[in-house]
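For reference, the structure discussed in these notes is given below.
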Amino acid sequence: MGETKFTLPNEVLVVKYIKRKKGMAAGDHVTSDHVISGGMLDGSIKKFQAPLLKNGSIANVLTAEEKSYLEAETGLELSVYKDFWLEYFVTLFKQDNRLDLSNPMDYISYKILLHNREDICPEWAKRNEKLTYSFVITKNEEEMLENKQNLDAKFEAYGAYMKLRDDKEKLIGVLNILTNKPISADSSLTWLQLEVQKLVDAKPSAFLTAVNDSGLDTKILLNKGVMNGYVKIKGNKYSTEDGLDLCENSQIATYENAVKYLDNPKHQDVRDIIEAKVYSKKTK
């Protein structure tokens, strides 16, 4: 079989500006429709070229097959030693930038952007991996699919929240786990509901992970034990107030190992003691 020759893909991409609250756009007074929202002025542009290598030469953004095909299609000389690469810029706007990869010049622009690795994110899902990224290349409705997944997670999270919205103890436990902050047992049910709703809205996936965790009740017990002084933390190690490390032999009594220890039926007697102390205090 002969080698498959390069042809331009029949695909349209959209290069989007990544809005961040930075610089003059960092304040809360800068709304999403402000001319400088996201850190870039409406109407301004950014230009990109084929990057330079450490030795000062121009990076070759095209494969040999791409170069041969594109030279035949455009009549351009695309050797890195020719002036084309010194003179050709890819101009990006704050508004969405469309690239039709079946168009030779758009394809060249695409390859240049891919090689500007500090400024251009190659795919939507990775856009927050580097703070240096200013634009992201999107395709196949990636943004809409992510938005749909987030919306689905939010609906599922609200469904899970409705099942425990009147369980004050569980609301305190979930809030404690997700914020890693002590929550007063005297907090009103209304306040707890509002705070948990904020988490459901902002972090639906994290909320679902917390409420669906098989060890949730044990984590709530452990946290209540810590807050009431029946479980001690020293050097990030968890132990009972009389000095028993909450872990198996040869393990370190980390939070995760303490949860596993109290979940283990072998240590039901230890769990019973902590529960008795925690809940006897509650009923006093």
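Worth pointing out:
- Asp269 being charged (D, E, K, R), open to solvent by 60 Å² or more (accessible area, probe 1.4 Å), within 30 Å of Phe155 (Cα to Cα) and out of contact with any strand residue (DSSP E or B) (no Cβ under 7 Å at 6 or more places or on another chain): no
- Checking each residue in segment 229-284 for being of a type in the set (A, V, I, L, M) and within 19 Å of Leu216 (Cα to Cα) picks out Val231, Leu246, Ala253, Ala258, Val259, Leu262, Val270, Ile273, Ile274, Ala276, Val278.
- Just one of (1) assigned to a helix (DSSP H, G or I); (2) open to solvent by 50 Å² or more (accessible area, probe 1.4 Å) fails for Ala210. It is (2).
- Looking across Ile183, Ile233, one residue alone is open to solvent by 80 Å² or more (accessible area, probe 1.4 Å) and not in a helix (DSSP H, G or I). It is Ile233.
- Contact annotation: residue pairs with Cβ atoms under 9 Å, 6 or more positions apart or on different chains, pairing a residue in segment 78-92 that is at negative phi with a partner that is among the β-branched types (Val, Ile, Thr) and open to solvent by 50 Å² or more (accessible area, probe 1.4 Å), are Thr91/Ile45; Leu92/Ile45.
- Hey, Gln268 without any contact (Cβ under 8 Å) to a residue 40 or more places away in the chain and not in a loop (DSSP other than H, G, I, E, B) or not: yes
- Of all residues making up segment 161-171, the number that are under 26 Å from the mean Cα position of the chain (by Cα) and open to solvent by 20 Å² or more (accessible area, probe 1.4 Å): 1
- Screening Ala253 on (1) part of a helix (DSSP H, G or I); (2) buried (at least 16 other Cβ atoms within 10 Å of the Cβ) shows it passes everything except condition (1).
- Any hit, segment 130-148, residues being at positive phi and of a type outside the set (Lys, Arg): yes
The values are calculated or read from the model by the stated rules, or taken from the named source; none is laboratory data. Treat the numbers as computed from the prediction; the structure is a model and nothing was measured. Backbone-built Cβ (ideal geometry, glycine too); neighbour counts: all protein chains shown. Just the protein is used for accessible areas: all its heavy atoms, side chains included, with ligands, DNA and RNA removed. Shrake-Rupley method; radii C 1.70, N 1.55, O 1.52, S 1.80 Å.
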